[in-house]
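The structure appears below as structure tokens.
Every number in this text was worked out from the coordinates using simple rules, so none of it is lab data. These numbers come from a predicted model, not from an experiment. Neighbour counts are summed over all protein chains in view; Cβ atoms, including those assigned to glycine, are modelled from backbone coordinates with ideal geometry.
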Amino acid sequence: MDCNRKLIGARYYLQGFEQEFGSLNTSGNPEYRSARDFLGHGTHTASTAVGSMVKNASFLDFALGTARGGAPRARLAVYKVCWGKNLDGNCAEADILAAFDDALHDGVNIISASFGSDPPLTPFFSSSADIGSFHAMQLGVSSVFSAGNAGPDPSLVGNVAPWTISVAASSIDRVFPTEIVIDSNFSVMVIISYQFFLHYEQGAHKIILHGRRKKQKEMQKLFLLWGDLNY
């Protein structure tokens, strides 16, 4: 792979984590004692923010097209503050604040921090992310946080500091149909629609299966409620 000079810096912060959770276990617990990403969350969010354009990208041949991040020509500096423990990410307050300090000293233009906690939230003056982003705001550096994965009930946003930007996930108006053939005479057309996330409580949160026996003309339609599948 050719170097594209996208990644221009990488630091990691472990002292706070080890004081809070104990020494990092890199043998029995999959993790790298470095800025390298193991769980994949940091790589995923970094590519969402500044990923270069990649043509002919797809997921198992679905949604073929050009993938790109929000600012594909931007450079990337990584500050690893969250560590895998039993395949779950844990972030120490001391490490978060240290990373904010270093990032601002390094002269970054914008900070993307895709971590947080579910409500009830700690006060602003007790949260390293809120304190660090406040210092960033004073220096003219915007901090962008994730809104969190909780929902669909209201008041579950994970980052709410008024001097930051909190971004929530959305859905798309596309469907991805594919046919599954069973025993050569029964086919199932699976249509996965990402719109159901927007209408979770209105009954649209369904994966639609169209079933048809090849020897019969009638079409059967089944609706599987989200949660009915053994996933």
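Counting Lys and Arg as +1 and Asp and Glu as -1, what is the net charge of the other residues whose Cβ lies under 10 Å from the Cβ of Arg75? The partial results should precede the final answer.
Values: positive: Arg5, Lys6, Arg73; negative: none.
Taking every other residue near Arg75 into account, the sum is +3.
Based on the mean of other beta carbon atoms within 10 Å per residue, what is the order of 136-146, 92-102, 18-28, most packed first?
Working: 136-146: 16.0, 92-102: 20.0, 18-28: 11.4.
My ranking of the peptides, most packed first, is 92-102, 136-146, 18-28.
With equal scatterers on the alpha carbons only and no solvent term, can you work out the Debye log10 of I(q)/I(0) for segment 3-49 at 0.18, 0.28, 0.29 1/Å?
-0.70, -1.18, -1.21
Cα gyration tensor of segment 7-167, axes a ≥ b ≥ c as square roots of the eigenvalues: rounded (a/c below 1.5), prolate (a/b > b/c) or oblate? Kindly include the intermediate steps, with their values, before the conclusion.
Working: a/c = 1.34, a/b = 1.17, b/c = 1.15.
Rounded is the answer for segment 7-167, as its axis ratio a/c remains below 1.5.
What is the sum of charges around Gly16, taking Lys and Arg as +1, Asp and Glu as -1, for the other residues whose C-beta is under 9 Å from the C-beta of Gly16?
Around Gly16, the charge tally is -4.
By how many nm would the segment from Leu24 to Ile165 lengthen if fully extended, with 0.36 nm per residue of separation less the alpha-carbon distance? Provide the component values of the computation, followed by the final result.
Values: separation 141, 0.36 × 141 = 50.76 nm, distance 3.19 nm.
Here the answer is 47.6 nm.
Provide the net charge surrounding Gln138, with neighbours chosen by a C-beta distance below 14 Å and charges set as Lys +1, Arg +1, Asp -1, Glu -1. Show your work: numbers first, answer last.
Numbers: positive: none; negative: Asp101, Asp130.
Local charge sum for Gln138: -2.
Would you kindly state how much longer the chain becomes between Asn90 and Val188 on full extension, computed as 0.36 nm times their sequence separation minus their alpha carbon distance, in nm to one decimal? Walk me through the intermediate numbers first.
On the way: separation 98, 0.36 × 98 = 35.28 nm, distance 4.14 nm.
Residue separation times 0.36 nm, minus the Cα-Cα distance, leaves 31.1 nm.
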